[in-house]
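K.L.:
Sharing a structure with you now.
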Amino acid sequence: MKSNQLFRTAALAVVSLISGFLIAAEPGEVLKGQASFYSKGFVGKKTASGELYDPASLTAAHRTLPFGTMVHVTNLKNGKTVVVRINNRGPFTKNNRIIDLSLAAAEKVAMTKDGVVDVKVVILEGAE
């Protein structure tokens, strides 16, 4: 991540924390939108939670869910699913993307060739 992107992500996280924008969703809550996945350029870089991005882990980025929240993601094109843990912020695009998946998670739902797919995200449990 470039330094200006890192600054923007950090600034958004601080503003979110100060404004109370982080949303502790209830288990069972359903979100619909699009998913994308991390490029190879993020491997080993720090996520907003402080963890290093590992493409083999089942993790994801969401703009408002607390770190540690577990969600069930369904690719609406093929019905394939995966459970991931939120450990980063994003996606920060001006479209309908609601979650960025790690490479391993994207492979589980067979979306790597499509790049962006319609998904259903169900909140399983919040952060402890």
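K.L.:
Go through the range 42-63 residue by residue and tally those that are within 22 Å of Asp114 (Cβ to Cβ) and either acidic (Asp, Glu) or touching a residue at least 24 places away in the same chain (Cβ under 8 Å) (or both).
P.N.:
The total comes to 11.
K.L.:
Scan (1) of a type in the set (A, V, I, L, M, F, W, C); (2) modelled with pLDDT under 95; (3) surrounded by 12 or more Cβ atoms within 10 Å (Cβ to Cβ) for the single condition Ala35 breaks and write down its number.
P.N.:
Only one criterion is unmet by Ala35, namely (2).
K.L.:
Report yes if Asn78 is surrounded by fewer than 20 Cβ atoms within 10 Å (Cβ to Cβ) and modelled with pLDDT under 95, otherwise no.
P.N.:
The answer is no for Asn78.
K.L.:
Select from the range 89-115 the residues that are within 14 Å of Thr74 (Cα to Cα), hydrophobic (A, V, I, L, M, F, W, C) and either in a strand (DSSP E or B) or at pLDDT below 95 (or both) and list them in ascending order.
P.N.:
Those that are within 14 Å of Thr74 (Cα to Cα), hydrophobic (A, V, I, L, M, F, W, C) and either in a strand (DSSP E or B) or at pLDDT below 95 (or both): Ile98, Ile99, Leu101.
K.L.:
Quick test for you: out of Asn95, Asn88, pick the one residue that is more than 18 Å from Tyr53 (Cβ to Cβ) and either under 10 Å from the mean Cα position of the chain (by Cα) or of a type in the set (S, T, N, Q) (or both).
P.N.:
Result: Asn95 is the single residue among Asn95, Asn88 that is more than 18 Å from Tyr53 (Cβ to Cβ) and either under 10 Å from the mean Cα position of the chain (by Cα) or of a type in the set (S, T, N, Q) (or both).
K.L.:
Oh, and also: So for the range 59-67 (the condition being touching an Asp or Glu at 6+ places or on another chain (Cβ under 9 Å), among the basic types (Lys, Arg) and at pLDDT 95 or above), does at least one residue qualify?
P.N.:
Checked against the condition, which is being touching an Asp or Glu at 6+ places or on another chain (Cβ under 9 Å), among the basic types (Lys, Arg) and at pLDDT 95 or above, the range 59-67 yields no hits at all.
K.L.:
Something else now. Could you grab me the full set of residues in the range 82-122 that are among the polar types (S, T, N, Q) and more than 19 Å from Ala25 (Cβ to Cβ)?
P.N.:
Answer for the range 82-122, where residues must be among the polar types (S, T, N, Q) and more than 19 Å from Ala25 (Cβ to Cβ): Thr93, Asn95, Ser102, Thr112.
K.L.:
To continue, here is another question. Give the number of residues within the range 66-88 that are farther than 12 Å from Val122 by Cβ, part of a loop (DSSP other than H, G, I, E, B) and not charged (D, E, K, R).
P.N.:
Residues in the range 66-88 being farther than 12 Å from Val122 by Cβ, part of a loop (DSSP other than H, G, I, E, B) and not charged (D, E, K, R): 6 in total.
K.L.:
Taking the range 38-53, which residues are in a loop (DSSP other than H, G, I, E, B) and either crowded, with 17+ Cβ neighbours inside 10 Å or of a type outside the set (D, E, K, R) (or both)?
P.N.:
Answer for the range 38-53, where residues must be in a loop (DSSP other than H, G, I, E, B) and either crowded, with 17+ Cβ neighbours inside 10 Å or of a type outside the set (D, E, K, R) (or both): Tyr38, Ser39, Val43, Gly44, Thr47, Ala48, Ser49, Gly50, Tyr53.
The values are calculated or read from the model by the stated rules, or taken from the named source; none is laboratory data. Predicted model only: the values in this text are computed from it and were never measured. Counting neighbours? That spans all protein chains shown, and the Cβs are built from the backbone with ideal geometry, glycine included.
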